Every structure is written in C-alpha cells, then in structure tokens.
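Enquirer: Quick one: structure below, then a few questions.
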Amino acid sequence: MTLLTGRKHYSGRHYETGSIHNALATQGVSAPHNGKPYSEALLLGISGGIAVGYFQFHYEGHLPHTILLTRNTFDPMNTIVQRLGIVQDILQTSNPEKGLRNLLDT
C-alpha cells in the first residue's frame with residue numbers, strides 16, 4: 001500500500017469542506033484575498049451556505065403540520081469544485097478490482 005510521508009495533518013469540521021480544504025492546503029493552494037489556505041467557513045459560503053426550508057400543510061379534515069428541511073438539497077462539494085474551477089478526474093466502476101486499481105494508480 002502506498003503511504004504518504006512528509007504530509008501535514010489537517011483536521012476538518014465537515015467531510016466535504018474539510019476534504020477540499022485539506023486537499024488544497026496540501027497542494028499549497030491559497031485564497032487570493034489573504035494568501036492563506038481556503039478556510040472551511042469560506043468553502044461553506046462558496047458552496048451556497050447553510051440552507052433551511054419549511055413547508056406548511058393545512059388540508060381540510062387533517063391537522064395542520066409543518067415540515068422542516070435541515071439539510072440542503074444541492075451538492076455542496078460539486079458546487080465548491082465548480083465555483084473554484086478545480087479540475088477533476090472522475091473514475092467510476094462497478095468492478096471492485098478495477099476500483100482498487102484506479103485508487104492505487106491515482
């Protein structure tokens with residue numbers, strides 16, 4: 001198995017913003033406004049930010065009720081990648097052996 005050595009350990013608060021922060025920081029990419037690695041807070045904003053929605057229902061013969069949506073329905077990771085212009089090489093397969101080869105080759 002390939003081991004990465006000499007890499008700084010980065011933490012993350014969220015799997016999407018943390019993963020992108022860590023990948024960009026490892027490559028030495030910095031935000032143009034301050035010369036530092038993109039923060040997870042900035043990446044969250046670039047993704048579209050926090051989203052909350054609600055639906056209220058009132059049907060005759062039924063009690064009124066409200067549904068709260070506490071997760072955004074868009075894809076934050078792809079939004080961040082697109083908005084920052086990050087080039088992706090996406091490899092997909094249903095074959096486990098091919099998937100392992102793709103991962104190790106990458």
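Enquirer: By how many nm would the segment from ARG7 to THR106 lengthen if fully extended, with 0.36 nm per residue of separation less the alpha-carbon distance?
Expert: Details: separation 99, 0.36 × 99 = 35.64 nm, distance 1.68 nm.
So the extension gain works out to 34.0 nm.
Enquirer: Tell me the label-point distance for the pair HIS65, ALA51, using the 7 Å Cα-to-Cβ offset, in nm and rounded to one decimal.
Expert: 2.3 nm
Enquirer: Which of rounded, prolate, oblate describes the range 13-57, given a ≥ b ≥ c as roots of the alpha-carbon gyration tensor eigenvalues and a/c under 1.5 marking rounded, otherwise prolate only if a/b is larger than b/c?
Expert: prolate
Enquirer: Would you work out the relative contact order for the range 30-106, in percent, from Cα pairs under 8 angstrom that are 6 or more residues apart?
Expert: Working: 50 pairs, mean separation 16.9, N = 77.
22 percent.
Enquirer: From the phi angles alone, apply the Karplus equation (6.51, -1.76, 1.60; θ = phi - 60°) to the range 80-91 and give each ³J(HN,Hα) in whole Hz, x where the residue is Gly or Pro.
Expert: 4, 4, 5, 5, 8, x, 7, 7, 10, 10, 9, 10
Enquirer: Still on this structure, I have one more. Mind pulling the angle between the C-alpha long axis of helix 15-26 and the longest principal axis of the chain? Nearest 10 degrees, somewhere in 0 to 90.
Expert: The angle comes out near 30 degrees.
Enquirer: In square nanometres and to one decimal, what's the mean projected area of the convex hull around the Cα atoms of the chain?
Expert: 11.1 nm²
Enquirer: Relative to the present Cα-Cα distance, how much length would full extension add between HIS33 and LEU84 at 0.36 nm per residue of separation?
Expert: Fully extending the segment from HIS33 to LEU84 adds 17.0 nm.
None of the figures in this text is laboratory data; all of them are computed from the coordinates on show. Treat the numbers as computed from the prediction; the structure is a model and nothing was measured. Cβ sites come from the backbone with ideal geometry, for glycine too, and all protein chains shown count toward neighbours.
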